[in-house]
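Q: What follows is a single structure, and I will ask about it in a moment.
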Amino acid sequence: MTPNSMEPSKEQKEIIESSEKFIQVIAAAGSGKTFTMIRLAEKIFHSKQFKESEILLITFSRKAAEELRERLEKAIGSSSIRIHTFHAFCLKMINSFHPDLKQKIQILTPEEKEEILKEFYKSKRDLIGGIPYELLQSKTNLLSETYFPGLSGEAEMYYRDFKRENHRLDFDDLVSVFLDGLKKNEAWSLKAKKEIRLIIVDEFQDTDPVQLEWLQLMGPEKLIVVGDDWQAIYGFRGASTEPFLNFNKIFTPCKRYFLTANHRSVSEIVQISAFPIHKNKKNIPKTVVASRKEKGNVLCTRIKELRDWQSLILEVQSRDAVILCRTNYRIRTLIKIGFPADKIFTIHASKGLEYSTVYLDLYGGWTSEEESDPEEERRILYVGLSRARDNLFILGPPELSSGREQEFYKYFIKKYKDLEFPTFLNESKKN
């Protein structure tokens, strides 16, 4: 899809007209992924190759599922294609077919799980001191295993015991229950499996190993996955880039398609966004190009005084702009200074969104080498950078010493001037 047209581009047409059994779509940020998925599903619907009820479209959040459901219903005039998260679909099948669990499942919410684990870590406060819960519990955190070996495993055992003693399941258990049924060829799971012949998975880069195995055992007649390994940022939840990187080896024969035209951002932003990713060893190489011809603005400055932050408040309020931060802690800090809460998001919360102007916070809050995977941190940086359409303003730390923020900021001042704040402020007002 070009910026001013609802006609698919050449790349998009190839995907929409594809007919292979296993298809992988590698879609760059801003490349019209959702538009392409809707048109592909529309084409499959009209082909009558599959009944509507035999098609399952999986995405990774309820909000995304609702958006896809609304857009697809508008496109085909029907709401009978199944659109769910992994967890919601598995819950639906268990409730419909499982002989012991149907209509009896009590689900633990993520918030309840967090409270249970916080209680565990509180009981270990003499051991861990004041280290934040979020750091200890992240599945990609290296800090916990380095200084407290076995602690995360003990926490998981505590949580499993709680679920067993209280007869509760969480969302991840739903996929595991279904998977276990498929492994054992249990009648209820095979009955559920027969209902689905075509599966389309959106945001496939966020898949975890259990979900991958579930897809393998579901064995649909046709499987289409869509995503971008450059935007895989949920390692802390147990997701892995390996299913996406190796999809064409796991599901064979597979046809790979690319969406490489970015219709969102101006060329300067497209180019600088990709720079951190090129330092990663584990990725699928692609050259992303901007379809837009307008000029944009990329500026860098280091924030050295509190008054510098305060000078930005009016600027952020007066335009279609947001500040994107690495952590909720940074958000709380900036709100205390006076920034409006509706103008500040974590990079994770901004995924899938776009803004005319993005102020990217590299002042603080990024993890160290021992706390998380550096390749994932670069992917998080990429997601933040690629939210900007027209203006990208990079806010660096006061000193260029060692640290993740400093490392990242140095990427950008190799190409752009490290402006003094007053100069930066004047230049940023020109756009």
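Readers should treat all values here as calculations from the given coordinates under stated rules, not as data from a laboratory. Model, not experiment: these values are computed from the prediction. Heads up, the Cβs are rebuilt from the backbone with ideal geometry, glycines too, and the neighbour counts pull from every protein chain shown.
Q: In whole Å, what are the Cα extents of the chain along the three principal axes, biggest one first?
A: So the three principal-axis extents are 69, 61, 36 Å.
Q: Just want the answer: with Cβ charges of +1 for Lys and Arg and -1 for Asp and Glu, which residue in P398, Q271, L312 is farthest toward the dipole's positive end in the range 267-428?
A: Positive-most Cα among the choices belongs to Q271.
Q: What's the center-to-center distance, using Cα atoms, between the range 378-431 and the range 26-84 in Å?
A: 37
Q: Set Lys and Arg Cβ to +1 and Asp and Glu Cβ to -1, take the dipole of the chain about its Cα centre, and tell me which of S80, V210, C325 lies farthest positive.
A: The one lying farthest along the dipole's positive direction is S80.
Q: Hey, any idea what Rg/Rh is for the range 189-338, computing Rh the Kirkwood way over Cα pairs? Write out the running numbers ahead of the final one.
A: Numbers: Rg = 20.8 Å, Rh = 19.2 Å.
Rg divided by Rh gives 1.08.
Q: Given +1 on the Cβ of Lys and Arg, -1 on the Cβ of Asp and Glu, and no further charges, what dipole in debye does the chain carry about its Cα centre, rounded to the nearest 20? List each step's numbers first, then the result.
A: Numbers: 67 positive and 63 negative charges, 230 e Å.
So the dipole magnitude of the chain works out to roughly 1100 debye.
Q: Compactness ratio of the range 267-428: Cα Rg over 2.2 N^0.38 Å, N = residue count? Intermediate results must be reported in sequence, preceding the final value.
A: Values: Rg = 14.8 Å, N = 162, 2.2 N^0.38 = 15.2 Å.
Dividing the Cα Rg of the range 267-428 by 2.2 N^0.38 Å gives 0.98.
Q: Under a cut-off of 23 Å between alpha-carbon atoms, report the lysines in cross-link reach of K102, not counting same-chain residues fewer than 8 places apart.
A: In chain and number order, the partners are K92, K113, K163, K183, K184, K191, K193, K194.
Q: Report, in debye and to the nearest 20, how large the dipole of the range 171-312 comes out about its Cα centre when Lys and Arg carry +1 and Asp and Glu carry -1 on their Cβ.
A: Working: 22 positive and 18 negative charges, 121 e Å.
Roughly 580 debye for the range 171-312.
Q: So, one more: Could you tell me what % of all Cα pairs in the range 335-431 have separations over 20 Å?
A: More than 20 Å apart: 41 percent of the Cα pairs in the range 335-431.
Q: Given H placed 1.01 Å from N in the peptide plane, which residues other than close sequence neighbours of L57 have an amide H under 5 Å from its amide H?
A: Sorted by chain and number, the residues that satisfy this are R82, I83, H84, I200.
Q: Given charges of +1 on the Cβ of Lys and Arg and -1 on the Cβ of Asp and Glu, with all other atoms neutral, how large is the dipole of the range 267-428 about its Cα centre, in debye to the nearest 20? Mind showing how you got there, number by number?
A: Values: 26 positive and 23 negative charges, 90 e Å.
Value, rounded to 20: 440 debye.
Q: Follow-up. Rounded to the nearest 500, what is the chain's calculated 222 nm mean residue ellipticity when only DSSP H runs of at least 4 contribute -39500 (n - 2.57) each, over all residues? Intermediate values should be presented prior to the final figure.
A: On the way: 21 runs with 195 residues, N = 431.
Counting only the DSSP helices, I get -13000 deg cm²/dmol.
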